[in-house]
């Protein structure tokens with residue numbers, strides 16, 4: 001019921017207009033989204049770098065409906081890669097295939113994304129291909145394998161621990177040497193595709209994270225769950241896994257205290273920085289994906 005509620009809110013033009021003009025809406029956007037422009041994102045990235053935190057920049061958007069929009073988005077990412085290089089930022093980029101036109105023209109999407117990864121390779125950077133809902137899982141992974149074969153070390157995948165297929169995908173990606181960002185995942189998926197209980201999702205997350213930590217490949221563990229973070233830190237120490245061999249990842253504007261605290265303890269941290277005009281749908285979809293986030297976000301509105 002709550003998921004459908006937030007999904008409905010994400011599609012409401014009138015509520016979006018109100019949220020984008022209201023003080024609380026603007027505060028939420030400033031807190032969880034870097035801003036509307038590339039410059040906003042780059043300024044936020046520099047601020048994170050100054051705290052010893054790496055960054056992944058994402059131009060918000062997905063499910064584009066025309067080729068022109070896809071090409072404009074790709075051009076923006078090329079600009080971001082150039083700016084990251086020029087400003088010597090510790091940052092990479094993250095994108096969704098549907099934002100690159102996967103549903104419009106798959107061959108065009110492949111060409112655009114390959115061009116971006118080629119650019120990233122030329123400037124010694126990295127492109128993370130985000131995971132979307134289950135109808136796109138295999139196609140996304142096929143894209144990543146192709147990109148990695150063409151440009152080894154410059155493209156990576158995202159795996160969601162609530163997916164029942166996740167363990168095999170993690171093992172296959174690790175065997176191929178492909179970097180993974182592990183998250184819990186929160187799209188609405190049927191029971192035959194994804195675990196439904198939080199305890200099962202959490203248990204699988206820890207299991208997959210331990211496989212990744214032992215793989216010898218540099219991975220990202222994306223979670224704000226302090227219990228899981230403590231367990232994985234204890235595991236890394238027990239297994240003599242270097243703090244430099246992986247990183248924790250968190251969202252922009254969420255638990256800055258925890259982010260900085262982990263860095264001070266010697267652990268690597270990367271913050272995901274979204275920007276763009278699509279902040280309202282982005283935030284509503286976060287809530288729709290996991291309604292418990294509503295309380296989490298409400299608490300963090302007033303927490304640094």
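FYI, it's all coordinate maths here, none of it is from the lab. Only a predicted model underlies this, so the values are computations on that prediction, with no experimental measurement involved. With ideal geometry, Cβ positions are generated from the backbone for all residues, glycine too; neighbour counts draw on all protein chains shown.
A compact table of results
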read-out	value
Relative packing of peptides 189-200, 42-53 - highest average C-beta neighbours within 10 Å first	42-53, 189-200
Calculated FRET value between residue 193 and residue 145, using beta carbons and R₀ = 25 Å, to 0.05	0.75
Estimated FRET transfer efficiency when R0 is 25 angstrom, pair residue 264-residue 88 (beta carbons, to 0.05)	0.60
Gyration tensor verdict on the stretch 34-275 (Cα atoms; rounded if a/c is under 1.5, prolate if a/b is larger than b/c, oblate otherwise)	oblate
Förster-model FRET efficiency, 35 Å R0, residue 175 and residue 47, C-beta, rounded to 0.05	0.40
